[in-house]
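Q: The following block contains the structure, expressed as structure tokens.
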Amino acid sequence: MSGMWRGWARLLPLLLLGVVALPGTAAADTTQAIAQPGSEETGGVVVTVPLLGSPLVIDIVLDDNGNIQEVSLDPEAAGAEVESNEHRVRFRFEDGETKVEVKAKGSKLTTKVKTSSLENLLGPGSWSADLFGTGPVTVDYLVSDAGDGTPVVEILGIDAPPDVVVEQHEPEVETDGNETQASVKVRFAYDGYEKWLKIAVEVETGEDGDTRATLMIGLKAKDVQRLQGALEELVGDRTWTGRLCDGTEAAVSYQVTEAGEVLFVSATPEPFEVKEQGQGFEVRFGDRIKVRVELRERDGQYELRVRSSYCKVQHEGEPTRAGDEESRGGPALAEDRRSDRTGQDELVRNEKKDKKPKKGEEGRQGGGDGEADGG
């Protein structure tokens, strides 16, 4: 079990990121996983990292709700100690210096490799996942040394399906005291939905002169979908689909009319509450999950915006060793609307605006949010 961790079918809720609004009467079939779940045969998210002079392949398989179902290392980490729960798997290597950790929590999927020096992380690597169900996205990268111990991260190439928009940002280097971080971000967008990938290497020098180096590859997603265009491009029957905190499938059907309105049609499962909200409506399933649909107009152009809150799973006690299914702490569900800065804080801010609109502010609430924070 040293090179593999497998979580059996405990479908705990992770997030509600499935915000897809498509024209037509058919429901949009979405997934709660931040990347497509994959399978034991095909894999899910495949991360190749340079480690100790050779590539280490980390294969991550998610279940339909975005929980970690399996993590495997190739080559296997012989003798490694493994700690795990549904949202984190950590391998501690025998050398006592090297750790590999995978986290799938909220709207993030993160892989970290920690070791004793930057030299141990030098070389090429890759990251691959099916982000939108349209086919795999592959990012090739290189970690190098600037010559003075400063890390350098660069993108060597990106391969994505033709209908996925790719926006690569310039590399950045930041120094704070005895820590230096080099990073690069890539934005992926499809059908009004976007996800961010950040690749970063951080080197920290202690007072005794010893160093620690960390390679982090993180994927973040927004739970906000924006479709922009002329009104006639948005008119039609649409359906949002997702899951509730207990894993139950949920759906909200609505209609964009030729009069420039968005109207609620139906929702499942019951019970639920519907109320007018801004330029649209909000559906609330119990106390934890809500879906807000709004249609805004500015200078003859329209924006259809769909937002949902999600649930966070908290575990009792410390993570257990791999395979120790009986002793794993049970989940306690708690709403986590504020944890994702890229989408959830916007939801909180707009809630406050809706409750206490300021004079002259009504016409400005449809303004954009600026660039999302990819890391």
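The values are calculated or read from the model by the stated rules, or taken from the named source; none is laboratory data. Everything numeric in this text was worked out from a predicted model, so none of it was measured. All Cβ positions, glycine included, derive from the backbone under ideal geometry; neighbour counts span all protein chains shown.
Q: Go through segment 143-163 residue by residue and tally those that are within 18 Å of the chain's Cα centre (by Cα) and at pLDDT below 95.
A: The qualifying residues number 0.
Q: When you look at VAL184, is it hydrophobic (A, V, I, L, M, F, W, C) and within 22 Å of LYS220 (Cβ to Cβ), yes or no?
A: Yes: the conditions hold for VAL184.
Q: Something else: So ALA129 clears everything in (1) part of a strand (DSSP E or B); (2) at pLDDT below 95; (3) hydrophobic (A, V, I, L, M, F, W, C); (4) farther than 16 Å from LYS198 by Cβ except one condition, right? Which one?
A: (4)
Q: Follow-up question, since we're still on this one. Provide a single number: the residues in segment 182-191 that are surrounded by fewer than 20 Cβ atoms within 10 Å (Cβ to Cβ) and either part of a strand (DSSP E or B) or at pLDDT 95 or above (or both).
A: Here the count works out to 3.
Q: I would also like to ask the following. Looking for something under 26 Å from ASN67 (Cα atoms), among the basic types (Lys, Arg) and not in a strand (DSSP E or B) - is there at least one such residue anywhere in segment 286-301?
A: Yes, there is a match, as at least one residue in segment 286-301 is under 26 Å from ASN67 (Cα atoms), among the basic types (Lys, Arg) and not in a strand (DSSP E or B).
Q: In this structure, is GLU119 charged (D, E, K, R) and in a helix (DSSP H, G or I)?
A: Considered against the rule, which asks whether it is charged (D, E, K, R) and in a helix (DSSP H, G or I), GLU119 comes out as yes.
Q: Does GLY280 qualify as being touching a strand residue (DSSP E or B) at 6+ places or on another chain (Cβ under 7 Å), free of Cβ contacts under 8 Å to residues at least 60 places away in the same chain and surrounded by fewer than 18 Cβ atoms within 10 Å (Cβ to Cβ)?
A: no
Q: Residues being out of contact with any strand residue (DSSP E or B) (no Cβ under 6 Å at 6 or more places or on another chain) and crowded, with 16+ Cβ neighbours inside 10 Å: count how many of those fall in segment 87-98.
A: Selection size over segment 87-98: 1.
Q: Of the conditions (1) touching a strand residue (DSSP E or B) at 6+ places or on another chain (Cβ under 8 Å); (2) of a type in the set (Gly, Ala, Ser); (3) surrounded by fewer than 15 Cβ atoms within 10 Å (Cβ to Cβ), GLY177 fails just one. Which one is it?
A: So GLY177 meets the others, but not (1).
Q: Can you pull out the residues in segment 68-83 that are part of a loop (DSSP other than H, G, I, E, B) and either within 22 Å of the chain's Cα centre (by Cα) or charged (D, E, K, R) (or both)?
A: Of everything in segment 68-83, just one residue is part of a loop (DSSP other than H, G, I, E, B) and either within 22 Å of the chain's Cα centre (by Cα) or charged (D, E, K, R) (or both), namely GLU76.
Q: Can you confirm whether GLY247 is touching a residue at least 40 places away in the same chain (Cβ under 8 Å), touching a Pro at 6+ places or on another chain (Cβ under 6 Å) and of a type in the set (Gly, Ala, Ser)?
A: yes
Q: If you don't mind, there's one more thing I want to ask. Among the residues of segment 3-17, is any in a strand (DSSP E or B) and either modelled with pLDDT of 70 or more or not aromatic (Phe, Trp, Tyr) (or both)?
A: Checking segment 3-17: at least one residue is in a strand (DSSP E or B) and either modelled with pLDDT of 70 or more or not aromatic (Phe, Trp, Tyr) (or both).
Q: Within segment 240-289, can you find the residues that are over 12 Å from SER308 (Cα atoms), at pLDDT below 90 and polar (S, T, N, Q)?
A: THR248, GLN277 - these are the residues of segment 240-289 that are over 12 Å from SER308 (Cα atoms), at pLDDT below 90 and polar (S, T, N, Q).
Q: I'd like the residue in segment 50-67 that is under 17 Å from the mean Cα position of the chain (by Cα) and β-branched (Val, Ile, Thr) and, out of all such residues, is farthest from LYS114 (Cα to Cα).
A: VAL61
Q: For segment 99-112, what are the residues that are surrounded by 22 or more Cβ atoms within 10 Å (Cβ to Cβ) and under 20 Å from ASN178 (Cβ atoms)?
A: Across segment 99-112, there are no qualifying residues.
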